Amino acid sequence: MTATITAAIAIEPDTIQSIRARRQSGVSLKALAQEAGLSWQRLWGLLYPTGATSPRHDAQRPAGPLTERYRPLTLSDICGQEEAVGVLSRFAQRPYSTAYLFDGETGTGKTSAALALANALGCDLTKQEFGGVYTISSGEQSPEAVKETYRMMYNCPWHGSGWKVVIVNEADRMSSPAETVWLDRLESLPQKTVVIFTTNHAAKLSQRFVDRCTRLTFVSDAEKLRASAVQFASAIWKAETRCKPDPVKIQQIVQSVETNGQISFRRLVQALTVELG
């Protein structure tokens with residue numbers, strides 16, 4: 001039976017479409033992979049191969065701001081951060097418990113990359129903590145909150161692959177006592193756990209803390225990101241209007257969000273919201 005299903009997935013587009021629909025309806029990737037007799041990584045590759053339309057970019061998009069509707073869902077969707085994406089893609093193929101520090105200017109894709117990595121590890125983003133994804137804001141970083149978060153890392157998610165990804169936003173704003181607790185906890189992370197700290201100001205963190213993490217810098221230099229920004233803006237314009245984008249207009253929009261030689265993809269999408277509104 002398993003061999004039959006696997007063969008069908010390999011050759012029947014209708015079967016792939018059916019599994020994709022079940023995935024979008026809430027069935028966990030892990031359960032679907034077990035049913036198909038595949039690893040969840042292999043099944044994900046069949047459902048959403050590189051270059052294919054991901055669920056977040058379907059024709060029937062959820063209502064809401066463009067910043068959420070076009071948030072990258074997979075690592076391959078992250079724009080302009082080839083080096084960081086390469087590191088994370090290789091990690092997702094052979095993951096282990098560890099901590100990352102994503103640093104860079106606002107709007108460069110740090111949080112999106114954290115969520116995309118969680119997705120690549122098989123977490124169910126739609127179920128939040130029940131799917132293995134925990135997001136902690138800077139205002140919640142007290143020593144007691146860190147200890148409670150660490151205890152939660154030992155829980156097995158109800159949905160997804162069993163991996164847990166803890167995203168700690170604006171890590172530079174945590175208190176010194178909270179950082180001290182993290183220094184100890186990062187030495188002994190539970191199995192199948194990845195902690196990702198994001199920051200716009202890595203210099204504010206102690207060197208001891210930075211040394212506990214694998215540091216990835218997200219670039220914001222306009223010269224390096226301009227081509228990716230134009231491509232990204234053009235894709236959104238075409239998807240929203242179903243018309244071919246005007247290259248001159250797209251260039252003007254991209255230039256309008258360049259500040260001090262830097263580009264923020266968040267500001268770019270916000271500018272498109274105004275233009276297309």
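Okay, here's what the table says:
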{"quantity": "Ala99 long-range amide H proximity, modeled H, under 5 Å", "calculated": "Val195, Thr214"}
{"quantity": "Per-selection metrics, segment 75-218 (Cα): Rg and Dmax in Å", "calculated": "13.9, 37"}
{"quantity": "Dipole axis of segment 149-277 (+1 Lys, Arg; -1 Asp, Glu on Cβ), positive-most option in Gly162, Gln270, Thr193", "calculated": "Gly162"}
{"quantity": "Student exercise, segment 60-186 dipole from Lys, Arg, Asp, Glu Cβ charges, in Debye to nearest 20", "calculated": "440 debye"}
{"quantity": "Rg/Rh ratio calculated on Cα atoms of segment 221-276 (Kirkwood radius)", "calculated": "0.94"}
{"quantity": "Per DSSP, loop trypsin sites (Lys or Arg not before Pro) in segment 110-200 with at most 13 further Cβ within 10 Å", "calculated": "none"}
{"quantity": "Karplus 3J(HN,Hα) series, Hz, for segment 101-118 with 6.51 cos²θ - 1.76 cosθ + 1.60 (x for Gly, Pro)", "calculated": "10, 9, 10, x, 5, 4, x, 9, x, 5, 5, 4, 5, 5, 5, 5, 5, 4"}
{"quantity": "Too-long pairs where the Cα-Cα distance tops 32 Å, listed order kept, from Lys147/Lys224; Lys204/Lys249; Lys164/Lys244; Lys192/Lys224; Lys127/Lys244; Lys164/Lys204", "calculated": "Lys147/Lys224; Lys204/Lys249; Lys164/Lys244; Lys192/Lys224; Lys127/Lys244"}
{"quantity": "In sequence order, calculated HN-Hα J values of segment 259-266 (Karplus, 6.51, -1.76, 1.60; Hz; x Gly/Pro)", "calculated": "10, 6, x, 10, 10, 10, 5, 5"}
{"quantity": "Residues whose placed amide H lies under 5 Å from that of Val165, excluding near-sequence neighbours", "calculated": "Val133, Tyr134, Val194"}
{"quantity": "Selection from Thr241, Ala229, Val257, by position along the positive dipole direction of segment 221-276 (Cβ)", "calculated": "Thr241"}
{"quantity": "Loop sites in segment 208-277: trypsin sites (Lys or Arg not before Pro), DSSP, at most 10 other Cβ within 10 Å", "calculated": "Arg242"}
{"quantity": "Label-point separation in nm, Glu129 to Asp221, each point 7 Å along Cα→Cβ", "calculated": "4.1 nm"}
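Bear in mind these aren't lab numbers, they're just calculated from the coordinates by the rules spelled out. What you see is a predicted model, and the numbers here were worked out from it, not measured in a lab. So basically every Cβ, Gly included, is an ideal-geometry build from the backbone, and we count neighbours across all protein chains shown.
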